[in-house]
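Any read-out appearing in this document is the output of simple, stated calculations on the displayed coordinates, not a laboratory observation. Because the structure is a prediction, the values reported are computed rather than measured. Don't worry about glycine lacking a Cβ; one is built from the backbone with ideal geometry, like all the others, and counts go over all protein chains shown.
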Amino acid sequence: MRQYEVTFIIDPVLPNEEITGAAKNYQEHLTQEGCEIVHVDAIGLKPLAYIIHKRSSGIYYTIEFRTESQDTIEKLELALRRDERIMRFLTVKLDKYGVKYNEDKRNGLIGKSKKEDRKRSDDDNEEDNRRGGGGYQGRAKTSPPPPPPPPPVAKEIPKVIPPAPVVAVDEEE
Amino acid sequence: MASKDEIKFLTNPNIGKLRKKYCRFKKFGIKHIDYKDPDFLIQFVNDQGKILPRRITGNSLKYQRKVSEAVKRARHLAMMPYVTDLLK
């Protein structure tokens, strides 16, 4: 049993019933072929990145299904190609990671959490930079009024600098 | 030792320090790259929509291949542009 995923774009100008009807039509087509439908995802209306058939938006649908024979894919693609309502389609075989990814996504494990983690780590780095930059700027602003004091401070600091970042890195890790 | 907040630097110590590049997929354990997620894939293209090379993104060869495949699939489904200007 292999798991596949077909994504297609339906013409948005059609009436609503016909759009849902088209999607259901393909679900039925697949079940008739003896496929096991895992999940149907109606992504909905999205703007296209470029114009297809003079349309600048489209309705996205994704059907995940399991099947034994390759003929199913050929028949499905032939039907999609003949259908004028379908603007684009793409059939992809899912490997084990793809199957797991889609399952996790359905259960809400992927997407938000991972992105937030990534953003958090990025933010941390940016904040670190800001902190360093801010400290420097603050010193630069305060230093002009009393010109003599900064030099001694500057002499003292380099001694402190080398060990400090190393310690900080260790703490973070 | 003084804590990190107490130390004041005269110059920004992060300037001029090269940060080591890494493969984010290996680091975070991401095994599958979804072609239906253009917001994620946009990180791997330049503002003309061209795929960035490995020497800039730092991806390992295995995942660079998957990224390029996902970007190409997203382009076919009009989720990402083939050619454009000012993408970002």
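Miscellaneous remarks
- Derived scalar couplings ³J(HN,Hα) [the stretch B:45-59; Karplus, 6.51 cos²θ - 1.76 cosθ + 1.60; whole Hz; x for Gly, Pro]: 10, 8, 6, 9, x, 8, 6, 6, x, 4, 5, 9, 7, x, 5
- Whole-number D in µm²/s for the stretch A:63-105 (Stokes-Einstein; Kirkwood sum over Cα pairs; 20 °C, 1.002 mPa s): 178 µm²/s
- The chymotrypsin sites (Phe, Trp or Tyr not before Pro) found in the stretch A:24-93 include none that occupy coil by DSSP while having at most 13 further C-beta atoms within 10 Å.
- Label-to-label distance, nm, for residues given as B:TYR22 and A:ALA79 (7 Å Cα→Cβ offset): 4.8 nm
- Distant-in-sequence amide H partners of A:HIS39 (H built 1.01 Å from N, under 5 Å): A:GLU64
- Reciprocal of mean inverse Cα separation for chain B (Kirkwood radius, Å): 15.2 Å
- Alpha carbon centroid spacing (whole Å) that separates the stretch A:1-36 from the stretch B:1-73: 37 Å
- Each residue of the stretch A:69-79 is assigned a 3J(HN,Hα), and the resulting list reads 9, 6, 4, 4, 5, 4, 5, 5, 5, 4, 5 Hz, derived from the Karplus form 6.51 cos²θ - 1.76 cosθ + 1.60 (θ = phi - 60°), x at Gly and Pro.
- Per-residue 3J(HN,Hα) values for the stretch A:47-58, derived from phi via the Karplus relation 6.51 cos²θ - 1.76 cosθ + 1.60 with θ = phi - 60°, read x, 7, 6, 8, 7, 10, 6, 6, 10, 9, 9, x Hz in sequence order (x marks Gly and Pro).
- Per-pair calculated FRET efficiency, R0 = 30 Å: A:GLU36 and B:LYS62 via Cβ, rounded to 0.05: 0.45
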